[in-house]
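Below: the structure, in structure tokens.
The values are calculated or read from the model by the stated rules, or taken from the named source; none is laboratory data. Since this is a predicted model, take the numbers as computed values, not measurements. We place every Cβ from the backbone using ideal geometry, glycine too, and count neighbours over all the protein chains shown.
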Amino acid sequence: MTKTEANEEKVLITNRKAQHDYFIIETYEAGIVLKGTEVKSLRAGNANLQDSFAVIKNGEVWLENMHISHYPQASYNNHEPKRDRKLLLHKKEIRRLKNKLEEKGTTLVPLRVYLKKQKIKIELALARGKKSFDKREAIAKRETEREIKRKYAL
């Protein structure tokens, strides 16, 4: 394996619904504290980020509601699928996030889980929720762009 291959990111899971439901303001890269069976299950792609979110408790960032399926080859030491998982960020980043989360309507949403240098990382987004008319507007814009591409492709 060359040096460039080691630096590449391999996306394990994405939260496609987040792009539809939220305006992304900023993104952060965080490490995640996992058990061995969770790592193996994540590498196999057996996880779900939908309806998951991050909160700040006692100066630490926690990821809640992320579902990581049981690892089938594990015996009695399997993990709990929906347990809260600690995220690893610098104190400065946590302080900045805490201040921004105090604003009304902002939340921390995970966008994707990926491998970077053989470590599992999670991309968090500081986001603001979209209203239904915003969602319709985005869909209409995407449809018009598709039509334009089809016209010029022919």
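Is there a residue being among the polar types (S, T, N, Q) and farther than 30 Å from G45 by Cα anywhere in segment 106-128? Show your work before the answer.
First, pick out the residues of segment 106-128 that are among the polar types (S, T, N, Q): 106-107, 118.
Next, from what is left, pick out any that are farther than 30 Å from G45 by Cα: none.
No, segment 106-128 has no match at all.
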Q. Are any of the residues in segment 19-42 hydrophobic (A, V, I, L, M, F, W, C), over 16 Å from the mean Cα position of the chain (by Cα) and at negative phi?
A. no
Q: Would you confirm whether any residue within segment 63-83 is surrounded by fewer than 14 Cβ atoms within 10 Å (Cβ to Cβ), acidic (D, E), out of contact with any helix residue (DSSP H, G or I) (no Cβ under 9 Å at 6 or more places or on another chain) and closer than 30 Å to K40 by Cα?
A: yes
**Q.** Checklist (1) hydrophobic (A, V, I, L, M, F, W, C); (2) surrounded by fewer than 10 Cβ atoms within 10 Å (Cβ to Cβ); (3) modelled with pLDDT of 85 or more applied to F133, failing item
**A.** (3)
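So for segment 128-141 (the condition being in a strand (DSSP E or B), touching a helix residue (DSSP H, G or I) at 6+ places or on another chain (Cβ under 8 Å) and in contact (Cβ under 8 Å) with a residue 12 or more places away in the chain), does at least one residue qualify?
Within segment 128-141 (the criterion being in a strand (DSSP E or B), touching a helix residue (DSSP H, G or I) at 6+ places or on another chain (Cβ under 8 Å) and in contact (Cβ under 8 Å) with a residue 12 or more places away in the chain), the answer is yes, since at least one residue qualifies.
Just to verify a result, which residue in segment 57-78, among those that are assigned to a loop (DSSP other than H, G, I, E, B) and closer than 15 Å to I32 by Cα, is farthest from the chain's Cα centre (by Cα)? Lay out the reasoning, then the answer.
First pass over segment 57-78, keeping only residues assigned to a loop (DSSP other than H, G, I, E, B): 58-59, 65-66, 69-78.
Then keep just the ones that are closer than 15 Å to I32 by Cα; that gives 65-66.
Numbers: N65: 12, M66: 9 Å.
For segment 57-78, the residue satisfying everything is N65.
Among T106, T37, which is the only one that is at pLDDT below 90, closer than 19 Å to A18 by Cβ, surrounded by 13 or more Cβ atoms within 10 Å (Cβ to Cβ) and of a type in the set (S, T, Y)?
Exactly one of T106, T37 is at pLDDT below 90, closer than 19 Å to A18 by Cβ, surrounded by 13 or more Cβ atoms within 10 Å (Cβ to Cβ) and of a type in the set (S, T, Y), namely T106.
Would you say T27 is under 23 Å from K117 (Cβ atoms) and in contact with an Asp or Glu (Cβ under 8 Å, 6 or more places away or on another chain)?
Working: under 23 Å from K117 (Cβ atoms): yes; in contact with an Asp or Glu (Cβ under 8 Å, 6 or more places away or on another chain): yes.
Judged against the criteria, T27 is a match.
When you scan segment 13-29, how many residues do you find that are farther than 30 Å from Y76 by Cβ and either surrounded by 18 or more Cβ atoms within 10 Å (Cβ to Cβ) or small (G, A, S) (or both)? Can you show your working first?
Here is the first cut: in segment 13-29, the ones farther than 30 Å from Y76 by Cβ are 14-29.
Restricting the remaining residues to those that are either surrounded by 18 or more Cβ atoms within 10 Å (Cβ to Cβ) or small (G, A, S) (or both) gives 15, 18, 22, 28.
Residues in segment 13-29 being farther than 30 Å from Y76 by Cβ and either surrounded by 18 or more Cβ atoms within 10 Å (Cβ to Cβ) or small (G, A, S) (or both): 4 in total.
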Q: Restricting attention to segment 85-124, report how many residues are of a type in the set (D, E, K, R) and part of a helix (DSSP H, G or I).
A: 7
Q: Return the total of residues in segment 44-62 being under 24 Å from R16 (Cβ atoms) and surrounded by fewer than 18 Cβ atoms within 10 Å (Cβ to Cβ).
A: 8
Q: Find the residue count for segment 7-37, including only residues that are in a helix (DSSP H, G or I), in contact (Cβ under 8 Å) with a residue 40 or more places away in the chain and of a type in the set (D, E, K, R).
A: 1
